[in-house]
1. Got a number for residues in segment 134-176 being in contact (Cβ under 8 Å) with a residue 24 or more places away in the chain and in a loop (DSSP other than H, G, I, E, B)?
2. For residues that are surrounded by fewer than 24 Cβ atoms within 10 Å (Cβ to Cβ) and touching a Gly at 6+ places or on another chain (Cβ under 6 Å), scanning just segment 90-145, find the one that is farthest from residue 281 (Cα to Cα).
3. Taking residue 251 as meeting all but one of (1) surrounded by fewer than 20 Cβ atoms within 10 Å (Cβ to Cβ); (2) modelled with pLDDT of 95 or more, write down the number of the exception.
4. When residue 306 is evaluated against the numbered criteria (1) of a type outside the set (A, V, I, L, M); (2) at pLDDT 95 or above; (3) in a helix (DSSP H, G or I), which criterion, by number, is the only one it fails?
5. Exactly one condition in (1) at pLDDT below 90; (2) more than 21 Å from residue 309 (Cβ to Cβ); (3) over 18 Å from the mean Cα position of the chain (by Cα) is false for residue 178; which is it?
6. Is there any pair with a first residue in segment 81-99 that is more than 20 Å from residue 71 (Cβ to Cβ) and a second that is surrounded by fewer than 21 Cβ atoms within 10 Å (Cβ to Cβ) and of a type in the set (D, E, K, R) whose Cβ atoms are under 8 Å apart and which are 6 or more apart or on different chains, and what are they?
7. Restricting attention to segment 68-91, report how many residues are assigned to a helix (DSSP H, G or I) and under 30 Å from residue 27 (Cα atoms).
8. Any residue in segment 189-198 that is crowded, with 21+ Cβ neighbours inside 10 Å and modelled with pLDDT of 90 or more?
Amino acid sequence: MAGPVLVTGGSGFLGGALVERLVASGREVRGLARTSDAAERVTSLGAAAVRGDVLDLESLVEAMRGCEVVFHAAGVNAMCVRDPHPMYRTNVEGSGNVVRAAVATGAHRMVYTSSASAIGEARGTVGTEDSPHRGSYLSHYERSKHLAERRVLGWARELGLDVVSVNPSSVQGPGRLGGSARLLLDLVNGKLPVVVDTQLSIVDIEDCTTGHLLAEADGAAGERYLLNGFTIGVPDAIALLRRLTGRPERVRFAPRWLVPAAGEVAQAVGGLARRDLPLCREAVRTLLHGHRYDGSRAERDLGLAYTPMERTVRRTLAWYAERGLAPTPLEPPA
């Protein structure tokens with residue numbers, strides 16, 4: 001599509017990758033920036049920074065004027081926060097504001113970055129776009145993204161806005177340092193001696209970015225597309241890391257029956273210390289549930305080709321090693 005494009009969350013991991021790809025393709029790109037640091041980041045990627053906030057409808061309308069397409073990638077992804085209300089405001093209310101602003105300015109299409117967690121698949125099943133929701137939530141983040149997706153798609157139908165939802169699993173790759181990327185870093189650096197046997201679903205940042213662009217071009221309005229390159233169990237993930245780096249040398253698996261108790265203790269400690277900790281009840285629920293997703297609809301309907309698992313992991317480890325954050329990956333066999 002011709003005409004300017006607005007990216008919310010353009011200073012973030014995924015939003016920044018989207019901005020880079022859009023700029024590289026010759027598009028006129030605006031990046032919504034809530035802070036001066038975010039504006040500098042957006043500008044450094046070659047886009048025009050426009051100040052605004054998803055919680056400020058007026059600023060969104062001004063940012064979108066003349067734009068034909070909006071990529072709404074802004075959001076809060078957090079676990080174990082003592083006060084989840086700001087996350088709900090940003091993810092649910094903010095997303096609703098983006099829909100309203102897009103309608104007000106006559107945008108032709110909105111690509112919404114939802115989350116695979118919004119699927120809410122039952123434990124032990126493989127999540128697809130059509131999976132029935134289990135009716136309960138593992139975390140505040142999962143609930144906020146499910147409610148946000150319902151609001152976005154529901155309001156889009158009511159207001160006549162063309163919206164495509166993209167639902168990535170855990171997005172990993174060069175450039176990501178926080179969130180679930182810490183698991184990889186802590187494992188290869190020997191800082192995670194005890195782990196939980198669970199299932200991890202991952203999509204490469206490059207594939208996730210491509211999936212968004214394909215959704216803009218060929219996605220069906222009102223549909224959602226799961227993006228998931230591979231699912232791997234923690235034992236197999238550890239074996240892969242050992243083959244690629246020689247680490248971790250030793251890891252112990254916590255008995256699953258013991259993990260909830262550890263979550264309760266961490267929850268109590270976080271409350272007493274009045275600070276957020278990396279472990280809590282909702283983190284434990286998410287770990288024990290595990291996630292397996294089927295990303296084949298994006299392959300069939302959008303033409304997305306996923307990066308092989310080992311290439312994603314090796315590329316990510318190399319990026320960390322260049323910055324002294326992880327050991328250098330071993331050379332692949334000839």
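The values are calculated or read from the model by the stated rules, or taken from the named source; none is laboratory data. None of these values were measured; they are calculated from a predicted model. Cβ placement follows ideal geometry from the backbone for every residue including glycine, while neighbour counts extend to all protein chains displayed.
1. Of the residues in that region, 10 qualify.
2. 133
3. Status for residue 251: all satisfied but (2).
4. Status for residue 306: all satisfied but (3).
5. For residue 178, the exception is condition (3).
6. 81/276; 82/274; 82/275; 82/276
7. Residues in segment 68-91 being assigned to a helix (DSSP H, G or I) and under 30 Å from residue 27 (Cα atoms): 2 in total.
8. no
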